[in-house]
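Below is one structure, written out as structure tokens, with a few remarks after it.
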Amino acid sequence: MSSLADLPWLTAPPADFVEQCRALVADAGRAGLGAQAARLAVHALDGRQARRLGRAISRIAEAGGDLAPLAPLRLVVLSNKTFDFIGDHLPAAAARHGAALDLILPPFDQAMQEALDPASQTRQAGAEAILLALDHDWYGLGAPALDDPGIALLDAMARLGDLLSALQENTAATLYLSTVATPPVSLFGSFDARAPGSPRALIEAFNAAIVRMAEERGALLMDTRALAQQVGTERWFDPVQYFAYKLPFASAYGAIYADWVGRLAGAARGRARKCLVLDLDNTLWGGVVGDDGLAGLVLGPGSARGESFLAVQNMALALKARGVILAVSSKNDDALARGAFEHHPEMALKLADIAVFQANWRDKPSNLEAIAETLNIGLDALVLLDDNPAERAQVRAALPMVAVPELPADPAWFAWTLMSAGYFEAVGFSAEDRLRAAAYAGDARRAEVKATARDLGDYLTSLDMRLTAGPFDAAGRTRIAQLINKTNQFNLTNRRYSEGDVAAFETDPAAITLQIRLADRFGDLGMIGVVIARVREASDGVREAGVDSWLMSCRVLGRQVEEAMLALLLERAAAAGATRIAAQYRPTAKNGLVRDLLDRLGFTLVAEDEAGVRDYVLAVGGTAGAALPMRIERAAEGASRPRPP
Amino acid sequence: MNRDELRAKVQDILRDIVDDDTVTITDDTVAEDVVDWDSTNHVRLIVAVEEEFHIRFETDEITKPESVGELLDLIQVKLAT
């Protein structure tokens, strides 16, 4: 189960996190350190890691270093409780949301003195923002006021009003007010709600007053109450840590609290994200539209998974209604992907909701760049929602400024995860916001992807891929038949075979068969490719391996798996005494993806007929291919395979 | 985990908190022996120990240990229950 305290949308920090923080400090005079600090900040950090990164950021600032593109912000926190351990998380959290914090923590429980004393840290520091992290105790609302609840409420409001007036008179800072969490202790029980003098009723009434005061005073609002409710006040308040250390809430929630403050600071500086880019297969619907077809997609009422995906779509629509731009980036056939939007009866999202629609076979970073350019927004305004961990890793490596939330395997958590990450934090909601969606949407246009080849650097190597290849065997039979019958897109010939047919290939002495599995550092992808070829004497007398079937799952596109499959086929063909590979591309409505595959792999086109069927050949034993970014393991010959005669 | 391994882990955490990789602790070490082991860092240490070993201290336990040895005793008791 996902827990807010763990910020599960963030990845774990790298093993050399401490060294990277030290390198930042060592480099303090260099330009562009803000981007590196932000890159380190987008991990789930514990208190010590966050504090270390925070110290690195403040040392860079002290050394006069350049923290661009982070927006500098001098923030004072006035708290009536011990705030140091929450403060440990704040600079990292702010960097995550686009702000370089200069954090000042005056001694605790001195809020009014800080406002009134000209020599106070707050007054001297020239604060740009002041967060009032004051809880029920400061307002005197922790104890019942049964005799005169009205007075207790007015006293609390006057106390806050006096503080706000003093701060506004004496500083130029933007004020961040906080609502108050209600301790999980009731006086009467359910009757608390009807007793105006119970702490619960007092705090509820007071929170309404704080929201009004924020509006009147032009202050921002940190809804601590909402965070505590989302966590559960029983967990939020920790009596042991409260009495021992005067912590305002359990230390476990320091990171998420700081993230909420960081979101506010970022949003106030115009750094909130503007555009949600959606993957399609297994993100907006269950299944792969190119392979499963419209009827095979899991979406909508009738199944728990289908409802989960529908919830993602409805969440995207809700974001669009508040002004977030929607875009699509999917490795897919454009017509098939658009077809799902137009013709699937359960689709809540329509093409008209999508400002830019990128369904093609190019890498995602290039498509995200095209989307940002078309919308004329920065890459740092994008959020990518994608179920595929390898795609996420590639985008993070190539475009670290794009926000890419981690997603659990279970789609039930997708909408929750996206919304809990706080990418679209707002400090207002204007008429322009309402109109923005309409201004961008309607055309689902295709953006031009720059033709320059993207240097993926060591991304593919970093996936730590292990490819296992072997001939067909009984253990793989069911999955082989499934792949053969389900794969429509990366499939050269689209020949379909039953399990019985597959079993026959296992013992056919003239058949070369390959079942290919792939695993990477994110997990085992299982069987993802199948090749069937037949060794024969060609009409020109050459002994050749004729490819009967060659297919691959689209999940592993862009990883040079097809090159590896060719290398393995060449190896097996040579072992069988063939000197040539003959292969064919037979076009279907769905396999345009592999129209030029054989050209790309170095085959020579020898014929093409009117139906578009192309014949190719490739000599066996030619030049060795380039080194592949994966380890290839050859499974032993299957037990069911007879020795060659 | 034996006591030496436990002490080494606590030492790692303390080094991280006071940002000094040369700090070495024994059972007799007290806070005054380590530069920057102040009351704020002591709370950081206790909270980090709780997280690291997945244990929770009660109020009396938090205030009791006066040396590294006593803290290790307490962790070992907690880990055993």
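Just give me the residues in region A:418-438 being surrounded by 17 or more Cβ atoms within 10 Å (Cβ to Cβ), of a type outside the set (Gly, Ala, Ser) and at pLDDT 95 or above, in sequence order.
Hits for region A:418-438 are A:LEU418, A:TYR423, A:PHE424, A:GLU425.
With A:ALA31, A:ALA26, A:ALA61 as the choices, which residue is touching a strand residue (DSSP E or B) at 6+ places or on another chain (Cβ under 7 Å) and at pLDDT below 95?
On the way: A:ALA31 fails: touching a strand residue (DSSP E or B) at 6+ places or on another chain (Cβ under 7 Å); A:ALA26 fails: touching a strand residue (DSSP E or B) at 6+ places or on another chain (Cβ under 7 Å).
Going through A:ALA31, A:ALA26, A:ALA61 in turn, the sole match is A:ALA61.
Listed here are the residues, each with its yes/no results for (1) within 34 Å of the chain's Cα centre (by Cα); (2) part of a helix (DSSP H, G or I); (3) surrounded by fewer than 15 Cβ atoms within 10 Å (Cβ to Cβ); (4) not assigned by TED's automatic domain parsing to the domain that holds A:VAL76.
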| residue | (1), (2), (3), (4) |
| --- | --- |
| A:TYR176 | yes, no, no, no |
| A:THR182 | yes, no, no, no |
| A:VAL185 | no, no, yes, no |
| A:ALA193 | no, yes, yes, no |
| A:LEU202 | no, yes, no, no |
| A:ALA226 | yes, yes, yes, no |
| A:GLN229 | yes, yes, yes, no |
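Among the residues of region B:42-81, write down those that are touching a residue at least 60 places away in the same chain (Cβ under 8 Å) and within 10 Å of the chain's Cα centre (by Cα).
Taking region B:42-81 as the starting set, the residues that turn out to be touching a residue at least 60 places away in the same chain (Cβ under 8 Å) are B:68, B:71-72, B:75-76, B:79.
Those that are touching a residue at least 60 places away in the same chain (Cβ under 8 Å) and within 10 Å of the chain's Cα centre (by Cα): B:VAL68, B:LEU71, B:LEU72, B:ILE75.
What are the pairs with Cβ atoms under 7 angstrom where one residue, in region A:77-94, is within 11 Å of chain B (Cβ to nearest Cβ) and the other, located anywhere, is charged (D, E, K, R)? Sequence gap at least six, or different chains.
Close Cβ pairs satisfying both conditions: A:THR82/A:LYS246; A:PHE85/B:ARG44; A:ASP88/A:ARG51.
Hey, can you tell me all the residues within region A:37-60 that are away from chain B (no Cβ under 14 Å) and surrounded by fewer than 20 Cβ atoms within 10 Å (Cβ to Cβ)?
As a first pass, look at region A:37-60 and keep what is away from chain B (no Cβ under 14 Å): A:37-43, A:57, A:60.
Selection gives A:ARG39, A:HIS43.
For region A:339-365, what are the residues that are within 26 Å of A:ALA397 (Cβ to Cβ), in contact with a strand residue (DSSP E or B) (Cβ under 9 Å, 6 or more places away or on another chain) and assigned to a helix (DSSP H, G or I)?
Answer for region A:339-365, where residues must be within 26 Å of A:ALA397 (Cβ to Cβ), in contact with a strand residue (DSSP E or B) (Cβ under 9 Å, 6 or more places away or on another chain) and assigned to a helix (DSSP H, G or I): just A:LYS364.
Can you tell which of A:ALA127, A:ALA94 is under 26 Å from the mean Cα position of the chain (by Cα) and either in a strand (DSSP E or B) or buried (at least 24 other Cβ atoms within 10 Å of the Cβ) (or both)?
Values: A:ALA127 fails: under 26 Å from the mean Cα position of the chain (by Cα).
The match here is A:ALA94.
B:ASP12 - would you say it is more than 12 Å from the chain's Cα centre (by Cα) and either in a helix (DSSP H, G or I) or of a type in the set (Ser, Thr, Tyr) (or both)? Before the answer, list the steps.
Details: more than 12 Å from the chain's Cα centre (by Cα): no; either in a helix (DSSP H, G or I) or of a type in the set (Ser, Thr, Tyr) (or both): yes.
For B:ASP12, the condition - more than 12 Å from the chain's Cα centre (by Cα) and either in a helix (DSSP H, G or I) or of a type in the set (Ser, Thr, Tyr) (or both) - is not met.
Just to be sure before I move on: is A:VAL298 buried (at least 19 other Cβ atoms within 10 Å of the Cβ), touching a helix residue (DSSP H, G or I) at 6+ places or on another chain (Cβ under 6 Å) and farther than 30 Å from A:VAL180 by Cβ in the structure I sent? Break it down stepwise before answering.
Values: buried (at least 19 other Cβ atoms within 10 Å of the Cβ): yes; touching a helix residue (DSSP H, G or I) at 6+ places or on another chain (Cβ under 6 Å): yes; farther than 30 Å from A:VAL180 by Cβ: yes.
Against the criterion (buried (at least 19 other Cβ atoms within 10 Å of the Cβ), touching a helix residue (DSSP H, G or I) at 6+ places or on another chain (Cβ under 6 Å) and farther than 30 Å from A:VAL180 by Cβ), A:VAL298 qualifies.
If you scan region A:102-119, which residues turn out to be among the small types (Gly, Ala, Ser) and either surrounded by fewer than 18 Cβ atoms within 10 Å (Cβ to Cβ) or not assigned by TED's automatic domain parsing to the domain that holds A:PRO72 (or both)?
So the first thing to find is which residues in region A:102-119 are among the small types (Gly, Ala, Ser), and the list is A:111, A:115, A:119.
Selection gives A:ALA119 alone.
Could you check how many residues of region A:97-124 are in a loop (DSSP other than H, G, I, E, B), touching a residue at least 40 places away in the same chain (Cβ under 8 Å) and away from every other protein chain (no Cβ under 14 Å)?
The number of residues fulfilling the criteria is 3.
Taking A:ASP109, is it among the charged types (D, E, K, R) and modelled with pLDDT under 95? Spell out how you get there, then give the answer.
On the way: among the charged types (D, E, K, R): yes; modelled with pLDDT under 95: yes.
Taking the combined requirement at face value, the residue satisfies it.
Identify, please: which residue in region B:3-50 is in contact with a Gly (Cβ under 8 Å, 6 or more places away or on another chain) and within 13 Å of chain A (Cβ to nearest Cβ) and is, among those, farthest from A:VAL18 (Cα to Cα)?
The qualifying residue farthest from A:VAL18 (Cα to Cα) is B:VAL47.
Identify all residues within region A:305-338 that are assigned to a helix (DSSP H, G or I) and among the aliphatic types (A, V, I, L, M); write none if there are none. Full working, then the answer.
First pass over region A:305-338, keeping only residues assigned to a helix (DSSP H, G or I): A:305-321, A:334-338.
Correct list: A:LEU310, A:ALA311, A:VAL312, A:MET315, A:ALA316, A:LEU317, A:ALA318, A:LEU319, A:ALA321, A:ALA335, A:LEU336, A:ALA337.
Taking the stated definitions as given, is A:LEU73 part of a strand (DSSP E or B) and touching a strand residue (DSSP E or B) at 6+ places or on another chain (Cβ under 6 Å)?
Details: part of a strand (DSSP E or B): yes; touching a strand residue (DSSP E or B) at 6+ places or on another chain (Cβ under 6 Å): yes.
Spelling it out, A:LEU73 is indeed part of a strand (DSSP E or B) and touching a strand residue (DSSP E or B) at 6+ places or on another chain (Cβ under 6 Å).
Which of the following residues is surrounded by fewer than 17 Cβ atoms within 10 Å (Cβ to Cβ), in contact (Cβ under 8 Å) with a residue 12 or more places away in the chain and under 24 Å from A:VAL185 (Cα atoms): A:ASP148, A:ASP135? Explain how you work it out, then say what you get.
Numbers: A:ASP135 fails: surrounded by fewer than 17 Cβ atoms within 10 Å (Cβ to Cβ).
When all the criteria are applied, what remains is A:ASP148.
Restricting attention to region B:51-70, which residues are among the hydroxyl-bearing types (Ser, Thr, Tyr) and at the interface with chain A (Cβ under 9 Å from one of its Cβ atoms)?
Our first condition is that a residue be among the hydroxyl-bearing types (Ser, Thr, Tyr); within region B:51-70, this holds for B:59, B:63, B:67.
Selection gives B:THR59, B:THR63.
Which is of a type in the set (S, T, N, Q) and more than 14 Å from chain B (Cβ to nearest Cβ), of A:SER190, A:SER251?
Every option except A:SER190 fails the conditions.
Cβ-Cβ below 7 Å, separation at least six or inter-chain, first residue in region A:1-18 and within 19 Å of A:ALA95 (Cα to Cα), second surrounded by 18 or more Cβ atoms within 10 Å (Cβ to Cβ) and aromatic (Phe, Trp, Tyr): which pairs?
If the second residue must be surrounded by 18 or more Cβ atoms within 10 Å (Cβ to Cβ) and aromatic (Phe, Trp, Tyr), the pairs left are A:ALA5/A:TYR253.
Would region A:50-58 turn up any residue that is over 23 Å from the mean Cα position of the chain (by Cα), more than 26 Å from A:ASP6 (Cα to Cα) and at pLDDT below 95?
At the first step, the residues of region A:50-58 found to be over 23 Å from the mean Cα position of the chain (by Cα) are A:51-52, A:54-58.
With more than 26 Å from A:ASP6 (Cα to Cα) added as a condition, the list becomes none.
Checked against the condition, which is being over 23 Å from the mean Cα position of the chain (by Cα), more than 26 Å from A:ASP6 (Cα to Cα) and at pLDDT below 95, region A:50-58 yields no hits at all.
The values are calculated or read from the model by the stated rules, or taken from the named source; none is laboratory data. Quick caveat: nothing in here was measured; it's all calculated off a predicted structure. No Cβ is skipped: glycine too gets one built from the backbone with ideal geometry, and neighbour counts run over all protein chains shown.
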